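Below is one structure, written out as structure tokens; the observations come after it.
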Amino acid sequence: MKKTFLLVAFFMKVTISLLAQNQKLAQDWLVCPISQKSQVNITDSEIVLDNGLVRRSFFLGENLTCYDYFNHSTQQQLIRSVKPEARVTINGRVYQVGGVQGQKENAYLKKEWLKNLRKGSSDFVYQSFEIKPVEPFVNWKANTWLPQTKRLEGKRLKLNFVPQNQDLQGIKVQVNYEIYDNIPLIIKWVEVENQSAKTMYVDRVVNEILGLVEEESAVVGSPTQMKKQHGIYFETNYAFNNAMRYDISDQTTHWLIDSTYTSQVNYNYETPCLFEVYPEKVSHIKLTQGESFKSVRTHELLMDSYDRQRRGMMIRKMYRTIAPWTTQNPIFMHLVSQNDEQVINCVNQCAATGYEALILSFGSHLNMEDVSETNLNRWKKLADYAHSKGILLGGYSLFSSRRIDDENDVVDPVTGKTGHAFFGNAPCFGSKWGLNYRDKIKHFFEVTHFDIWENDGPYPGDVCASTQHPCHEGLADSQWKQMNIQKELYRWLNERGVYINAPDWYFLDGTHKIALGYREVNFSLSREQQRILNRQNIHDGTIEKTSAMSWGFVPLTKYQGGDESAILEPLNEHLSDYEQLMMIYYGAGVQACYRGPRLYDTDATKAVVQKTISWYKKYRDILNTDMIQLRRADGRDWDGLLHVSSTLPQKGLAMLYNPNKEAIERIITLPLYYAGLTKEAKVREKEGASKVYLLNQDHEIQVKVKIPAEGYTWLVIE
């Protein structure tokens, strides 16, 4: 009787635990959409943005101020002290926009204090609000493959502020917020509009100021040593330096100390708990009557975990939501051509094997800067031929990392000479040559109907001290003006259906794909080394960006040196390596630049390419979903990854690799929480029969697999 009672109690405990786990899964926005929609609620005393995941509230007292930034998932309050909505410097004088003053205790904030706080005498004050549905930042057009996407839904709140200073009459500041359904994300930007008859100069615009709760306390410690608030992730559309990662490319986020926070633990008041957003090297922006300045767009994603995998999935969901063009993922080849006949032959090979696009690589005979009628007609004819075969055609063009001349290159502010740019030599985008380059690229695409632009060396953030270039006045406004020329070009192309590869972080302004991140000379190493290094690059390069946002590299011919062990040509002599390199990338949902003169050289090679592309297209939907990194390649034991989806019929697909020269048998744990499965999973190896596995309370299964020597296998979960 006692054993029976204990057994019943045990099963009740397990059942309760499973029910709790399943309820948690059903409420997880990364797995199942939540029912609440985005709302903007207005009363006499406050404005509240809320979508059930994030809440941001503003108190309407003597001025408008944000007092509440709340994560529903974790119940975390992020605000410890009130700050202005923005800060603008106009004609050399600093003005606060919104906000109130007088909070004495800055470690925490009580709502009842707000009614006693006062506006500053020179601050911009709140006047009115407007509410609209959100609209896409880029009116994108897709001409390539993409998964099913949802229409952008949410609310936009515009807060209007006017000056108290009579000298600024006619100057208006608008603070804009966007909140989206089913993601704890808020986007903020500021506009300064000159409706006066006077010319004015905008220097620094700080579009976000937050007195955040500190992440940790330390009696002794500098801002660089102490952790920053982990409950919120910031990203703006002002990032560059070819790092292939946002956090290193960012030019705008600043974690500062708060001198008003006198009750903090840190002895020198150096806790990094004041957050501001502004580009460091932007000032002296001229605004004549009717002109406006729009700040960077700050994307603020509330986090509910320290787990790197989950945080990465949240960032990837942000991109799928606000930059859905990044989900496009066409199958393309990189052709090194010397004549038109090679282009035609490669178009035919793409059509025969299932490829969807052909990109004329660097070193090819394409020159997009040649806008002569003869050249444009030549490439239009080739594009028309590619389209007749169902193939997209694209090409490579280099902007930076090249010298034009003293008149058009960026001028170093220290030496007053050219030759000290980010890449040594570089043109200024605001020079005559730079503006002509932009116009030539647009004209080339308009006339030829090319489909893809691979823009190497996009504007990398060079400042320019020239006072003779037509599109900037001098050093102070040079970065801002050049950046906006590059962004406008990307948006112009994107909105016409052109797919854009660019090795810098312009995703939020219209680019589609960036490199995983790699060392170029590694492609001169042996094919065996490349297989493992490629899998490491895939693992590292897809944690915070999706597979579709990433591209890799497969040198079919010699690249950056190396010997015969590094290349795949003749292709028919290295079919096993060719097939496995394709499967490594396609199995991760990552397109690689297969760079060479052809896709196949014999019927046997053609069959391998056709088989691989057919496999990829069969599983394309699941291969383009979220990826979970199972084990990073180390050359010693198995490595692998797992694609998961809670909405597709196929809930997962695992790719498993064996670097060893002998077959291995392993028990692999597959985490299926994000696949949305709660009880059981049907698993088959390759195209074999399915076997049912029961999930444990952590939504995991364990599968025994045998992986061939220096080979791979895959598992399909349904």
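The values are calculated or read from the model by the stated rules, or taken from the named source; none is laboratory data. All values derive from a computational prediction rather than experimental measurement. Backbone-built Cβ (ideal geometry, glycine too); neighbour counts: all protein chains shown. Note: accessible area is taken over every heavy atom of the protein model, side chains too, but ligands, DNA and RNA are not part of it. Shrake-Rupley method; radii C 1.70, N 1.55, O 1.52, S 1.80 Å.
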| field | Karplus 3J(HN,Hα) series, Hz, for region 348-353 with 6.51 cos²θ - 1.76 cosθ + 1.60 (x for Gly, Pro) | value | 5, 5, 4, 5, 6, 10
| query | Does the chain come out rounded, prolate or oblate, given a ≥ b ≥ c as the square roots of the eigenvalues of its C-alpha gyration tensor, rounded meaning a/c under 1.5 and, failing that, prolate meaning a/b above b/c? | reply | oblate
| task | Using Cα centres only, tell me the gap between region 398-412 and region 57-82 in whole Å. | result | 47
| query | Taking amide H positions as placed 1.01 Å from N in the peptide plane, with prolines and chain starts having none, which residues 5 or more places from LYS651, or on another chain, fall under 5 Å of its amide H? | reply | ILE717, GLU718
| request: Can you send over the carbon and sulfur percentage of the accessible area for region 383-432, probe radius 1.4 Å, protein chains only? | output: 49
| Rounded to whole Hz, the Karplus (6.51, -1.76, 1.60) HN-Hα couplings of region 179-192, x for glycine and proline | 10, 10, 5, 6, 7, x, 10, 10, 10, 9, 8, 10, 10, 10
| query | Using the Cβ atoms and a cut-off under 11 Å, what net charge is assigned to the surroundings of LYS618, where Lys and Arg are +1 and Asp and Glu are -1? | reply | +1
| Given LYS155/LYS442; LYS155/LYS545; LYS111/LYS317; LYS440/LYS487, which pairs have Cα atoms separated by over 24 Å? | LYS155/LYS442; LYS155/LYS545; LYS111/LYS317
| remark: Distance in nm between ASP340 and GLU473 label points, each 7 Å along Cα→Cβ, equals 5.0
| Pairs LYS37/LYS679; LYS37/LYS132; LYS228/LYS281; LYS618/LYS651; LYS611/LYS686: which are spaced more than 25 Å apart, C-alpha to C-alpha? | LYS37/LYS679
| note | The alpha-carbon center of region 674-718 and that of region 157-180 are separated, in whole Å, by 56
| message | Is the C-alpha gyration tensor of region 131-207 telling us rounded, prolate or oblate? Criteria: a/c under 1.5 is rounded; beyond that, a/b larger than b/c is prolate, otherwise oblate. | response | prolate
| query | If each of ARG402 and GLN169 carries a label point 7 Å out from its Cα toward its Cβ, how far apart are those two points in nm? | reply | 5.3
| remark: Shape call for region 324-419, from the Cα gyration tensor axes a ≥ b ≥ c (a/c under 1.5 means rounded, otherwise prolate when a/b beats b/c, else oblate), comes out prolate
| query | trypsin sites (Lys or Arg not before Pro), restricted to region 98-136: which are DSSP loop and have at most 16 other Cβ atoms within 10 Å? | reply | LYS104, LYS110
| remark: Ordered by number, the GluC sites (Glu not before Pro) in region 663-708 that occupy a DSSP loop and have at most 14 other Cβ atoms within 10 Å are GLU687
| Structure-based [θ]222 nm, the chain - -39500 (n - 2.57) summed over DSSP H runs of at least 4, per residue, nearest 500 | -7000 deg cm²/dmol
| said: Between region 103-140 and region 243-277, how far is it from one alpha carbon centroid to the other, in angstrom? | reply: 21
| Of the trypsin sites (Lys or Arg not before Pro) in region 526-592, which ones lie in a loop per DSSP and count no more than 15 other C-beta atoms within 10 Å? | LYS558
| said: Accessible area per residue for the chain in Å², computed with a 1.4 Å probe and the full protein assembly in place, what is it? | reply: 41
| said: Under a Cβ-only charge scheme (Lys and Arg +1, Asp and Glu -1), can you give me the dipole magnitude of region 526-579 about the Cα centre, in debye to the nearest 20? | reply: 220
